[in-house]
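What follows is calculated from the coordinates using simple rules that are stated; it is not laboratory data. All values reported here derive from a predicted model rather than from experimental measurement. Cβ: placed from backbone, ideal geometry, glycine included. Neighbour counts: every protein chain shown.
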Amino acid sequence: MKFTVDEFRAWKNRRVTLLGMSGVGKTYLSALLREHNWFHYSGDYRIGTRYLDEPILDLIKQQAMQVPFLRDLLRNDWIYIKNNIKVNDLGPVLSFVGKLGNPELGGVELQDFVERQAKYREGEIAAMHDVPEFIRKADEIYGYQNFVNDVGGSLCELEDPAVIDLLVKHTLILYIQVTDQEEEDKLIKRAQSDPKPLYYRPEFLKEQLSTYLKDNKLEYAAQINPDEFTRWVFPRLFHSRIPRYEAIAKPHGYTVTSQEVSQVRDEKDFIALLETAIARKK
């Protein structure tokens, strides 16, 4: 959706999609807005609770079945396992995606990793197609006037134009850009100090994996230390995503900086920031 400042001010039921790398402030803004009568739609939460729920449980059960005591309990239906995914704690989703590398070091073998990546992508696409229905539910069922779509950092990697077209049709796209070198270094350092599972485009993964194996004189992915690879690849992933975010934001949305987002303290500040972004684009 595109607006003039006056049109935006007259927009009664505001619907915003937050776009950007993990760590730039999307969930911070979403949590803040939730306190001001905004419905918080978390893409990753929807993926985990709807589209990856069964695969996650299958993975957990597969591990549990390797423990004789738990195997007997499961096979006799004396216990059951369920996910406890939370909007602010997506641990089961991250565990399912996993990190590429040596299984003995907590990694996932290449074939399984690629299959999980594909399932995550399918789940993210499906979760984004659910946005219009949740906009309706937020209003008609829960009585929320406004809606914020907190998407994963990998939205720009999906290579599915229909997803972007749908989000543009139903929401205002707000891209949170990292422009300050110090801020960029901080984000990368934070990701490297606590490496988390990531989604990679297949072509990107193939290219980076080949480079990493060659540079480290390794023969295959199962020799990789999962955390070391994730630390190594994150800066490359970060910079590869920037032009992809911009390719969405320039024709379809508005851009603010992570420094501007860090100054937002309440809904009033957020609305003012949106108006600034709209005026700046014009």
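Close amide-amide hydrogen proximity is noted between Leu100 and Val108, each under 5 Å apart and 5 or more residues distant or on a separate chain (H modeled in the peptide plane; Pro and chain starts excluded). Think of each Lys and Arg Cβ as +1 and each Asp and Glu Cβ as -1; about the Cα centre, that makes the dipole of the stretch 1-105 roughly 420 debye. One decimal place: the segment Arg75-Arg136 gains 17.8 nm when fully extended, by the rule 0.36 nm per residue minus the C-alpha distance. In the Gaussian network model of the chain, springs joining C-alpha atoms below 10 Å, which of Lys196, Lys12, Lys169 carries the largest mean-square fluctuation? In the Gaussian network model the winner is Lys12.
Within the stretch 66-169, the chymotrypsin sites (Phe, Trp or Tyr not before Pro) that combine a DSSP coil assignment with at most 13 other C-beta atoms in a 10 angstrom radius are Trp78, Tyr80, Tyr142. Between Ala126 and Lys250, the simple label model (points 7 Å from Cα in the Cβ direction) yields a spacing of 3.4 nm. Phi angles across the stretch 79-90 convert, under the Karplus curve 6.51 cos²θ - 1.76 cosθ + 1.60 with θ = phi - 60°, into 3J(HN,Hα) values of 9, 9, 10, 9, 7, 10, 6, 10, 4, 9, 8, 9 Hz, Gly and Pro given as x. Once backbone amide H atoms are built at 1.01 Å from N, Asn146 has Phe39 as its partners under 5 Å, excluding neighbours fewer than 5 places away on the same chain.
Of the GluC sites (Glu not before Pro) in the stretch 12-116, the ones in a loop by DSSP (not H, G, I, E or B) with at most 10 other beta carbons within 10 Å are Glu35. List the trypsin sites (Lys or Arg not before Pro) within the stretch 189-272 that DSSP assigns to loop and that have no more than 11 neighbouring Cβ atoms inside 10 Å. Here the sparse-neighbourhood loop sites are Lys217, Arg265. The angle between the Cα long axis of helix 181-193 and the main principal axis of the chain comes to about 30°, on a 0 to 90 degree scale. Can you tell me how the stretch 39-112 classifies by the Cα gyration tensor, rounded, prolate or oblate, using a/c under 1.5 as the rounded cut? Judged from the Cα gyration tensor, the stretch 39-112 comes out oblate (a/c at least 1.5, b/c at or above a/b).
When the chain is treated as a GNM with alpha-carbon contacts under 10 Å, the residue of Val114, Val151, Val67 showing the greatest mean-square fluctuation is Val67. Here are some values of P(r) over Cα pairs in 10 Å bins from 0, in percent: (1) 6, 22, 21, 11, 9, 12, 11, 6, 2, 0; (2) 6, 26, 33, 21, 10, 3, 0; (3) 7, 32, 39, 19, 3, 0. Which one was computed from this structure? Evaluating P(r) over Cα pairs in 10 Å bins from 0, in percent on these atoms matches (2). Karplus-based coupling profile of the stretch 220-227, in residue order and whole Hz: 8, 5, 5, 8, 6, 6, x, 5, with θ = phi - 60° in 6.51 cos²θ - 1.76 cosθ + 1.60 and x standing for Gly or Pro.
Subtracting the Cα-Cα distance of Ser210 and Arg265 from 0.36 nm times their residue separation leaves 15.4 nm of extension gain.
The dipole here belongs to the chain: it is taken about the Cα centre, uses +1 on the Cβ of Lys and Arg and -1 on the Cβ of Asp and Glu, and is about 460 debye. Residues within the reach of a label modelled at Leu57 (point 7 angstrom out along Cα to beta-carbon, backbone nitrogen below 11 Å), restricted to the stretch 83-126, are 83-84.
Coupling constants for the stretch 25-30 follow from the phi torsions by the Karplus curve (6.51 cos²θ - 1.76 cosθ + 1.60, θ = phi - 60°), and in residue order they are x, 4, 6, 4, 5, 4 Hz; glycine and proline get x.
Less than 5 angstrom separates the built amide H of Thr257 from those of Gln177, all sequence-distant by 5 or more or on a different chain. Once the chain from Glu203 to Met65 is taken as fully extended at 0.36 nm per residue, the excess over their C-alpha distance is 46.2 nm. Taking 7 Å steps out from each Cα toward its Cβ at Asp112 and Arg50 produces label points 2.8 nm apart.
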